[in-house]
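The values are calculated or read from the model by the stated rules, or taken from the named source; none is laboratory data. Please read all numbers here as calculations on a predicted model, not as lab measurements. Reconstructed Cβ throughout: ideal geometry from the backbone, glycine too, with neighbour counts over all protein chains shown.
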Amino acid sequence: MSALVPLRHSGTQQDIPMIPGYEWIKKLPNKNIYFSLFEQWPGITTGGWTKHDLPSGYDNYIVSFHLEAVDVAWLRQQKVSGPIFVLFDGNHNNLEIPGVHFIPFFYWHYQFETMLKTFGVQPKKIPKYKFSAVTNRIIQSRVWITTKLLEVAQDSSLLILNDWVEDKNVHSWQLTGNATLDRLTQTFRDNYLGQKILIDDFDTDRDKNALLESSIDTNNNKNSLSCTNPW
């Protein structure tokens, strides 16, 4: 086994070992089928893993990709006369390749079984907070989210607020024209600017101690000044 899926196997029906989820191969009639299972991406054409072209002379070809993305470039370059059936975890949407037939074939449950055998079932910790937000450097988006949490959910939030603020990071406090966002900005300036909210022991697992962690460590919202729709 390699990680969560078997190693690559290729050849005829007799060459393929018994693989969980692929036991049906042994039950297929001997119809001159070539298998290339658990293929890797990228292929030779994209400078990746060594991958040989499918050999000619077979009536049908069954190829599978699990964990790895389907190597579309490799499929396009195959010159075999028989149809190629591609099994993979997903949907091909509107992708069409002459002679290639995509078949959703999900292998996830076998991967989950492997994870359970490897790591076991871990007891789930009940989160102490509903939300968490850490603001070490004040920028515009952090102003809005932190202020909202301070106003409506302070007791159920794990919050850290520092006083590091530079005008360039908050667009010099320019208003956006959006009443909701501008009200949050003004509330922050009136009530929280310059304050610090710290905790004694920084919780590095705050994502596990809160149901929702705000991803507010972002760049400034450059287009916010032209935003007029309610958020």
- prompt: Of E96, E68, which residue is acidic (D, E), modelled with pLDDT under 90 and over 30 Å from K168 (Cα atoms)?
  reply: E68
Matching residues in segment 169-192 - criterion: being hydrophobic (A, V, I, L, M, F, W, C) and either in contact with a helix residue (DSSP H, G or I) (Cβ under 9 Å, 6 or more places away or on another chain) or within 13 Å of L149 (Cα to Cα) (or both): V170, W173, L175, L181, L184, F188
query: Restricting attention to segment 95-121, which residues are of a type in the set (A, V, I, L, M, F, W, C) and in contact (Cβ under 8 Å) with a residue 40 or more places away in the chain?
result: F105, M115
- line: When every residue in segment 139-162 that is in contact with a strand residue (DSSP E or B) (Cβ under 6 Å, 6 or more places away or on another chain) and among the polar types (S, T, N, Q) is compared, the one surrounded by the most Cβ atoms within 10 Å (Cβ to Cβ) is T146
Residue check for I103: surrounded by fewer than 16 Cβ atoms within 10 Å (Cβ to Cβ) and closer than 22 Å to I16 by Cα: yes
Scope segment 81-107; condition under 11 Å from V70 (Cβ atoms), in contact with a Leu (Cβ under 9 Å, 6 or more places away or on another chain) and of a type in the set (A, V, I, L, M); matching residues: V86, L87, I97, V100
statement: How many residues of segment 79-106 are in a loop (DSSP other than H, G, I, E, B) and either of a type in the set (V, I, T) or touching an Asp or Glu at 6+ places or on another chain (Cβ under 6 Å) (or both)? The answer is 4
field: Output for segment 126-157, where each listed residue is outside any strand (DSSP E or B), of a type in the set (A, V, I, L, M, F, W, C) and modelled with pLDDT of 80 or more
entry: I139, V143, W144, I145, L149, L150, V152, A153
- request: With the condition kept exactly as written, say whether any residue in segment 57-65 is crowded, with 20+ Cβ neighbours inside 10 Å and modelled with pLDDT under 90.
  value: no
query: Has segment 160-172 got at least one residue that is at pLDDT below 80 and not in a loop (DSSP other than H, G, I, E, B)?
result: yes
